Amino acid sequence: MADHTHVLFVEDDDVIREATQLALERDGFVVTARPDGLAGLEAFRADQPDIALLDVMVPGLDGVSLCRRIRDESTVPVIMLSARADSIDVVLGLEAGADDYVTKPFDGAVLVARIRAVLRRFGHAGGPGQPPRQAEAVGQRQDDDGTLTFGDLEIDTVGMEVRRGGRPVSLTPTEMRLLLEFSAAPGTVLSRDKLLERVWDYGWGGDTRVVDVHVQRLRSKIGQDRIETVRGFGYKLRA
């Protein structure tokens, strides 16, 4: 599954960096490892990896800032690594554009599983990602070309493009998959756990903060009032 998948790994702890690199290479990944953020950014631009693993606390350019720089240039998937499950670290990383995070110390098998889950969503490592589900006819129009229309919001489910008021909206693949889940059943409440399962491919319990931050990021791009919070249950797209 991981053949030729190129991982950029930025970690300043020599022991963790070397051990993790060896573990990933045993699983078939090609790994470029760097000890600081500036070297990581240089390697990202030179190598164009398939996925980036960024430790939050690295010298030169911290992981959150590095994630922002990467996100300014690319939609490549990013997983943040943090020594703490501190909510500030988690939220800052996700708000910077990370798609997921893993708390250190981590089990190598768990890290590989999370990498593969992210790559599946992005269409790497084993073929294309899960296709969008068929939209239900509740409060939206679906054209013959697969375009869903919600007021001034247009979602091209074939070309994977979004327009708001006729202008293109730039979404990361994770944000796009999240929007597709909402648009497939407008007006239907989707729980955080269901979204973790469908969008993040979690077959196990995950941190719902990942969902909350991505919903906020999506709202900032398609309209704050487009996705409604249903307290105690989850979120729904306004029909």
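The values are calculated or read from the model by the stated rules, or taken from the named source; none is laboratory data. None of the values given here were measured: they were computed from a predicted structure. When we count neighbours, we look across all protein chains shown, and the Cβ atoms used for this are built from the backbone with ideal geometry, even at glycine. Calculation scope for accessible area: heavy atoms of the full protein, side chains included, ligands and nucleic acids excluded. Shrake-Rupley method; radii C 1.70, N 1.55, O 1.52, S 1.80 Å.
The stretch 88-119 and the stretch 25-40 have Cα centres spaced 15 Å apart.
Here is the P(r) of the chain: all C-alpha pair distances, binned every 5 Å from 0, give 1, 6, 14, 18, 19, 16, 11, 8, 5, 2, 0, 0 in whole percents. Diagonalising the gyration tensor over the Cα atoms of the stretch 164-229 and scaling each eigenvalue by 5 before taking the square root yields semi-axes of 21, 12, 11 Å, largest first. Overall, the accessible surface of the chain at a probe of 1.4 angstrom is composed of carbon and sulfur to the extent of 49 percent. For LYS236, the aspartates and glutamates whose Cα comes closer than 12 Å to its Cα, not counting residues fewer than 8 places off in the same chain, are GLU181, ASP225, GLU228. Using the charge dipole of the chain (Lys, Arg: +1 at Cβ; Asp, Glu: -1 at Cβ; taken about the Cα centre), state which of GLY146, LEU38, VAL64 has its Cα farthest towards the positive end. Towards the positive end, the residue furthest out is GLY146. Determine, from the Cβ-Cβ distance of ALA109 and ASP13 and an R0 of 30 Å, the FRET efficiency 1/(1 + (r/R0)^6), rounded to the nearest 0.05. Calculated value: 0.90.
With a Förster radius of 30 Å applied to the C-beta separation of GLN224 and ALA23, the computed FRET efficiency comes to 0.10. Multiplying the residue separation of GLU197 and HIS4 by 0.36 nm and subtracting their alpha-carbon distance yields 66.8 nm.
Projecting the Cα atoms of PHE233, VAL211, VAL102 onto the dipole axis of the chain, where Lys and Arg carry +1 and Asp and Glu carry -1 at the beta carbon, places PHE233 farthest toward the positive end.
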